[in-house]
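Below you'll find the structure, written out as structure tokens, and then a few comments.
The values are calculated or read from the model by the stated rules, or taken from the named source; none is laboratory data. Remember, it's a predicted structure, so these values are computed and weren't measured experimentally. Quick reminder, even Gly has a Cβ in these numbers, built from the backbone with ideal geometry, and neighbours come from all protein chains shown. The protein model used for the area step is the full one, side chains on, heavy atoms only, and it has no ligands, DNA or RNA in it. Shrake-Rupley method; radii C 1.70, N 1.55, O 1.52, S 1.80 Å.
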Amino acid sequence: MSESTQPLADRLDGLLFFPVTAFGPDGTVDLAAFRAHVRARVDAGAAAVFAACGTGEYHALDLDEYEAVIAAAVAEVDGAVPVLAGVGHGTALALKFLERAERAGADGVLAMPPYLVKPDQAGLLRHYTALADATGLDIIVYGRDNAVLMPETVVELARLDNVIGYKDGVGDLDLMQRIVSAVRTALPGERFLYFNGLPTAELTAYAYRGIGVSLYSSAAFCFAPDLALAFHAALHSGDDETANRLLDGFFGPLVELRNRGRGYAVALVKAGVRIEGLEVGEVRPPLSEAAEEHVKELAALIARGRTLL
């Protein structure tokens, strides 16, 4: 855990990094490669490390592997930036992962949707409240897929002392605006963070910024940090010409490529990391590797993107 006395919410300001989890040729977790991946991206300018989350194949890790990955991220970062751990599954198992995250020294938690079921709002509130009650760590709730939170639910979660933010992976801007408005109205003066959690968030960054959501994670930062940082700088400095050039010439085509295969939000990112020279292994089942022709297209796209800088 970081030695910083600054609240976690004050430290989450910049481009957020979701590392892949490295696996060796025998399929076991490769902590040395993982640490090299984390170190390279923190040195490149990551504002925070979200370890063992969706891009990090949280779903494929057992409890011991998970704890080792979080501990490795904490050790490698050594307090330079905060480390947050993904926590998912149903409530009972999520609490066990949460305990491991705390033991490994994480600064906070990204609470992902519960496994498989489609709960109602009361059930979602019970689930995330149980996590918050079980830890002193700060929690960001991730709404997506089977966990679509309504404004009144987010308001109740925002009332909890250690729930500091909401990450939106749904992409319904009308709903997101109503969430922002509801929290602002119910808790005036309360600081509550919002994150754009859509895959390749650069493509929707302008839309989210329009409703006051400026924080986002960049999948491209895993394998092309120069392009991700250039877009981030252009977005926040008002350099629309550069931002649009990168959107049209790199991020837009990247989304089109990502949409050509199931699981490519992870598999294609991992392929990109390998293209850039770090052997992080293949994805674990039930995901499949990106098709060879798509990996070649990704390599060409990264090279073409760099001509836009």
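Assorted remarks:
- Yes/no for Y216 being part of a strand (DSSP E or B) and open to solvent by less than 10 Å² (accessible area, probe 1.4 Å): yes
- Filter pass, F231 being part of a helix (DSSP H, G or I), touching a residue at least 24 places away in the same chain (Cβ under 8 Å) and among the aromatic types (F, W, Y): yes
- Any chance D30 is acidic (D, E) and within 18 Å of A104 (Cα to Cα): yes
- Any helices (runs of 4 or more DSSP H) falling wholly within the stretch 45-160 and containing at least 1 residues that are in contact with a helix residue (DSSP H, G or I) (Cβ under 8 Å, 6 or more places away or on another chain), farther than 30 Å from G27 by Cβ and of a type in the set (A, V, I, L, M, F, W, C): 121-133, 151-158
- Residue list for the stretch 119-132, restricted to those being open to solvent by 20 Å² or more (accessible area, probe 1.4 Å) and of a type outside the set (D, E): P119, Q121, A122, G123, L125, R126, T129, A130
- Contact annotation: residue pairs with Cβ atoms under 8 Å, 6 or more positions apart or on different chains, pairing a residue in the stretch 94-123 that is over 20 Å from V49 (Cβ atoms) and without any contact (Cβ under 8 Å) to a residue 40 or more places away in the chain with a partner that is open to solvent by 10 Å² or more (accessible area, probe 1.4 Å) and of a type in the set (D, E), are P113/D145; Q121/E152.
- Being crowded, with 21+ Cβ neighbours inside 10 Å and β-branched (V, I, T) is a property that V255 lacks.
- Any hit, the stretch 31-41, residues being of a type outside the set (D, E, K, R), under 22 Å from A219 (Cβ atoms) and not in a helix (DSSP H, G or I): no
- Subset of the stretch 1-34 that is open to solvent by less than 20 Å² (accessible area, probe 1.4 Å) and among the hydroxyl-bearing types (S, T, Y) - its residue that is nearest to the chain's Cα centre (by Cα): T21
- Pairs meeting the criteria (first residue in the stretch 265-277 and closer than 12 Å to H294 by Cα and modelled with pLDDT of 95 or more, second residue surrounded by fewer than 16 Cβ atoms within 10 Å (Cβ to Cβ) and of a type in the set (S, T, N, Q), beta carbons under 7 Å, at least 6 apart or on different chains) are A267/S288.
- Of all residues in the stretch 174-190 being modelled with pLDDT of 95 or more and outside any helix (DSSP H, G or I), the one that is surrounded by the most Cβ atoms within 10 Å (Cβ to Cβ): L187
- Pairs with Cβ under 6 Å, 6+ apart, first in the stretch 66-78 and open to solvent by 30 Å² or more (accessible area, probe 1.4 Å), second hydrophobic (A, V, I, L, M, F, W, C) and part of a helix (DSSP H, G or I): E67/A104; A71/A104; E76/V38
- Any hit, the stretch 35-43, residues being basic (K, R), within 19 Å of L157 (Cα to Cα) and surrounded by fewer than 23 Cβ atoms within 10 Å (Cβ to Cβ): no
- Condition check for T135: surrounded by fewer than 22 Cβ atoms within 10 Å (Cβ to Cβ) and out of contact with any Pro (no Cβ under 8 Å at 6 or more places or on another chain): yes
- Residue satisfying all of: in the stretch 195-213; aliphatic (A, V, I, L, M), part of a helix (DSSP H, G or I) and over 24 Å from L278 (Cα atoms); most open to solvent (accessible area, probe 1.4 Å) among these: L203
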